[in-house]
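The values are calculated or read from the model by the stated rules, or taken from the named source; none is laboratory data. None of the values given here were measured: they were computed from a predicted structure. Ideal geometry is used to build each Cβ from the backbone, glycine not excepted, and the neighbour counts take in all protein chains shown. Heads up: the accessible areas ignore ligands, DNA and RNA and are worked out on the full protein's heavy atoms, side chains in. Shrake-Rupley method; radii C 1.70, N 1.55, O 1.52, S 1.80 Å.
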Amino acid sequence: MTEDERATILIVEDDEATRRFLGDNLTADGHDVLVADTGRDGLRMLEYKYPDVAVVDLALPDVDGLDLIARVRSADGVATRINPDTPLLVLTGRDGELDRLRGFERGCDDYMVKPFSYPELRLRIAALLRRADRGMRRGRLRVGELEVDPPSRNVTLRGRRVELSQKEFALLRTLAAEPTRVFTKEELLRTVWGFRSMGSTRTLDSHACRLRRKLGADGDRFVVNVWGVGYRLIDGLAAA
C-alpha cells in the first residue's frame, strides 16, 4: 500500500478483544489506526485527529453510538472541528431492522452486524474511502498559490507537489483552515498531537521547522513563528 492509499481509521469500540482484533488487522493492511473505548474519546479523536473513516459500535458505555453519529452529522465546523462528512460505518450486535433504519436515519454510511467477516469489513471500508475521495473535493484549502487537499492529502505549490509526513500535513491543514490566525502552541499540540499539556516537548517546533523548509524551497515564506505565542500561515510569495 502506498502513502496515498493509506487511511487513518478510527475504531470506537468498548470491547477490548474486538478493538485489538480490528486494530491489528487494519494496521497489517497498511492503515493508520486510532482507537477509542468511549463515545467521548471517539468524538475527541474525530475533532482533533481527522480520521478518514470511523467504525462505530452502538453499545458504548457513556453515550449511545446513534447519538455520536448524530453529533458528527450536525457539526458545523465552527463550534467544533469535526468533519460532518466523515464516513461512518456502524459495527454492532444490534441486528433488528429498526436498529438498521435508525442507524441510517441518524447518518451512518454503512451498517454491519456482529459477528462479522473481516474481509467483508475491509472491503466496505475501502468502498467508503473511494466514495469519500470522489465526493469531498470541495474541502480544498488555498493560501495564495499553496493548495491543501485534505481528502487526498495532497499539497501543491504552484502546481508542484510538496511531500509531507502525516504530522506535517496535519499541522499544515490546521493552519490553512484559518489563514492569518495565530494558533497557540498549546492549541496545536492538542489539535495535531492530542497532548493534554505542553510539557517540555519540542515536537511542534521541529515539525514546524521542517514544514517551513519544505514550503520555502523556492524562497516562499508561509509558516511564521509568532514568538511567545505560536504559529500562523501567511501568503508568503517568493521575492521576484
*Contour excess over end-to-end distance, with Cα ends at residue 24 and residue 142 and 0.36 nm allotted per residue*: 38.8 nm
*For the Cα atoms of the chain, what angle does the longest principal axis make with the long axis of helix 97-106, in degrees from 0 to 90, nearest 10?*
20
*Place +1 on the Cβ of every Lys and Arg and -1 on the Cβ of every Asp and Glu in region 12-120, take the dipole about the Cα centre, and give the residue among 12, 35, 74 whose Cα lies farthest towards its positive end.*
74
*Kindly report, to the nearest 10 Å², the accessible surface of residue 184 as traced by a 1.4 Å probe over protein heavy atoms only.*
60
*Heads up, I need the accessible area for residue 50: 1.4 angstrom probe, whole protein in place, Å², nearest 10.*
40
*Amide H to amide H under 5 Å from residue 11: which residues, 5+ apart in sequence or cross-chain, H placed 1.01 Å off N in plane?*
34, 35, 36, 55
_How are the alpha carbon pair distances in region 88-185 distributed across 5 Å bins from zero to the largest one, expressed in percent?_
2, 11, 16, 15, 14, 11, 11, 10, 7, 3, 0
_On alpha carbon coordinates alone, what is the Rg over Rh value for region 12-97, Rh being the Kirkwood radius?_
0.96
*Put +1 on the Cβ of every Lys and Arg and -1 on every Asp and Glu Cβ in the chain; which of 159, 83, 119 then has its Cα farthest towards the positive end of the dipole?*
159
*Give the carbon-plus-sulfur fraction of the accessible surface of region 1-102 in %, rounded to a whole number; probe 1.4 Å, heavy atoms of protein chains only.*
45
*Kindly state, to the nearest 0.05, the FRET efficiency for residue 114 paired with residue 62, given R0 = 30 Å and r defined as their beta-carbon distance.*
0.90
_What number do you get for the chain when its Cα radius of gyration is normalised by 2.2 N^0.38 Å, N = residues?_
1.07
*About the Cα centre of region 1-61, how large is the charge dipole given +1 on each Lys and Arg Cβ and -1 on each Asp and Glu Cβ? Please answer in debye to the nearest 20.*
180
